1. What's the number of the condition residue 519 fails, among (1) assigned to a strand (DSSP E or B); (2) at pLDDT 85 or above?
2. With the requirement that a residue be of a type outside the set (A, V, I, L, M, F, W, C) and assigned to a strand (DSSP E or B), what does region 454-471 give you?
3. Do the conditions hold for residue 451, that is, is it over 30 Å from residue 397 (Cα atoms), in a loop (DSSP other than H, G, I, E, B), of a type outside the set (Phe, Trp, Tyr) and more than 26 Å from the chain's Cα centre (by Cα)?
4. Is it the case that some residue within region 141-149 is crowded, with 16+ Cβ neighbours inside 10 Å, outside the structural domain of residue 187 (by TED's automatic domain parsing), aromatic (Phe, Trp, Tyr) and within 28 Å of the chain's Cα centre (by Cα)?
5. Among the numbered conditions (1) at pLDDT below 90; (2) closer than 18 Å to residue 153 by Cβ, tell me where residue 54 comes up short.
6. Which one of the conditions (1) part of a loop (DSSP other than H, G, I, E, B); (2) crowded, with 21+ Cβ neighbours inside 10 Å does residue 434 fail to meet, given that it meets all the rest?
7. Condition first: among the acidic types (Asp, Glu), over 25 Å from the mean Cα position of the chain (by Cα) and not assigned by TED's automatic domain parsing to the domain that holds residue 174. Can you find one or more residues in region 122-129 that meet it?
Amino acid sequence: MAAADQEPHVSAVRPRSYQDESYLHGFLGTVGDLQKAGVLQDVVLEVEGRRFPCHRLVLSAASPYFKAMFTSDMAESRQKTVVLQGLDAGMFGEILSYIYSGTLHVSLDKLQPLYQAADLLQLDYVRDTCSSYMAMNVERSTCVDLYMFANAFSVDIVQNDCLQLIHKHFVEVASSKEFCSLSVNQLTEIISHDELDVEEETTVWEAVVRWVQHSREDRMNHLPSILPHIRFNLLTSDDMAAILEHPLVREDPGSSGGIMNAVQNGDPDLKPRHGMFTEMMLLFRVDIDEILFMNPQEGKYISCSYDDTNFAEAWAMTVTSDNDIYLLSSELHDNYNDLSMFKYNHAENVWKHAGMSAAPNSVQPGEIRFQKLLVEVDHFFYNLAVEMGGSVHMRKYNRHTDQWQDCSQLQIDAEWNFSVPLLCGPHLYFIMNSEMHRYDPTQDSWCELTPTELIPKVCTAVAMGTEIFCTDRDFTQTMVYDTESDRWQKLQGWSNLDVKVKMPYFFVLGNQLHVWVTYDTASSNDYLVYVYDRSADAWRDLKASIPNEEYEVPSCQCPVARVYLPYLKRA
């Protein structure tokens, strides 16, 4: 083919789009200038008698509310002046400032009317910004007001934050004047929660009385709907007698009958409130079926014997995020073939089957295996076991399928019988003197971390926040590990102990590190409890009054649970 007959070559050039950022900002600035100069305005909005000249196009572009108003057959689309109802004039001025500038000014004093205006005008950004600002300013002095507002407008994140603070500081909040402004539904929602930080149920009753007496004529008729949320099953007979003699009850015979009905027909299993629980460390008696609950800081020591025990030996124990106590154990007369889950009911002081399928023990004759860890992560139970051959086995229990399943396994090179597993945050850690590993439940995978190295025989460890504290079996070297930086630091201050420690166990009470140690005497085992003062880098003897018995800890740390002391005292 001749050159003249060939088609010219056309290169394939892809189209591109360009965005002029300066134009976008400049356009908004120009629109704002037109508004300030009063140029091209084609509608006047009237709010509470104040007139706001505006541009229909700008309003429609900013708000679905105005778009529907000006682009439909509504009468306002043809009117030169439109009167807006249900808005505060000052807040509408703030809204217009945002529409024409893109800048929003928020303060606590105008937060609620600004949110209401944004909700009416369907301005999502303004409404969401107000919600975020509310959440940042939830304090004791503002929580009731913000709760009532968030409840009325279904701002869930703010409502939940306020409820948490109200529960935590209920005694203070219930004495405020804002508390008396709650609606009956808001009041019952607050007092129905387990999380109320009150030491006695009479505090809840007194708060209800104060709320009723604030507007007695209007609120007395609400008592029948409020009373079921008061946990009369937690009151002593003396408290009940005092309530029945209260003027609010005596002057209204209907109240007395309602209270008695609530006591007789109410739920006897209603749980104690959060503030009624006390943190207690648990120790097992080896020779008899007994648990020692103790809080050395408060000088409380309660021994409880439990009956009808179905387990032979405790392999591992955990306290869950719901404060439930679980034990993984072989059952009596089962030849250690399976491991079953038991749950402790401290109201009845009994161990009961947890209703979960058994986990195969897989211990062969002559084989040594330690079921060393039982923890709960995101409602899954994880059990870690160490075999003499240097293999670390992990399995988890799925509540939905009622099945145990194997997880990713770990091979170790270090001395297997001096190792400590524990939970810290969302991860499980396995600590030895020359190796350290972390297990991620979401990925079912292990990774290697920096080992302690200075601790020759790791014995006990406990997590507190993002840190892990561990020590050796003689309590000569104590280290703290920062999980965020993967670094170890040596703790000082243990040289003041002049006795030979037999076996230490860490535990955390009141967000403080404690250690329970056994030491040898000529006649028997004796015990000490120390608390660590981090600012002074020293240990302080709590002078604990621990009975001189032989105790067992089915874990690498002493379990701690929140318990309701009246249950223990009557056991």
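The values are calculated or read from the model by the stated rules, or taken from the named source; none is laboratory data. Here the structure is a predicted model, which means the values were calculated and not measured. Note that we place each Cβ from the backbone using ideal geometry, even for glycine, and neighbour counts take in every protein chain shown.
1. The single condition residue 519 does not satisfy is (2).
2. 460, 467, 471 - these are the residues of region 454-471 that are of a type outside the set (A, V, I, L, M, F, W, C) and assigned to a strand (DSSP E or B).
3. No; evaluated as a whole, the condition is false for this residue.
4. yes
5. (2)
6. Condition (2) is where residue 434 drops out.
7. Within region 122-129, one or more residues are among the acidic types (Asp, Glu), over 25 Å from the mean Cα position of the chain (by Cα) and not assigned by TED's automatic domain parsing to the domain that holds residue 174.
So that you can scan it fast, the table gives a plain yes or no per residue for (1) buried (at least 16 other Cβ atoms within 10 Å of the Cβ); (2) touching a residue at least 60 places away in the same chain (Cβ under 8 Å):
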residue: 16; (1), (2): no, no
residue: 44; (1), (2): no, no
residue: 51; (1), (2): no, no
residue: 56; (1), (2): yes, no
residue: 63; (1), (2): yes, yes
residue: 87; (1), (2): yes, no
residue: 93; (1), (2): no, no
residue: 122; (1), (2): no, no
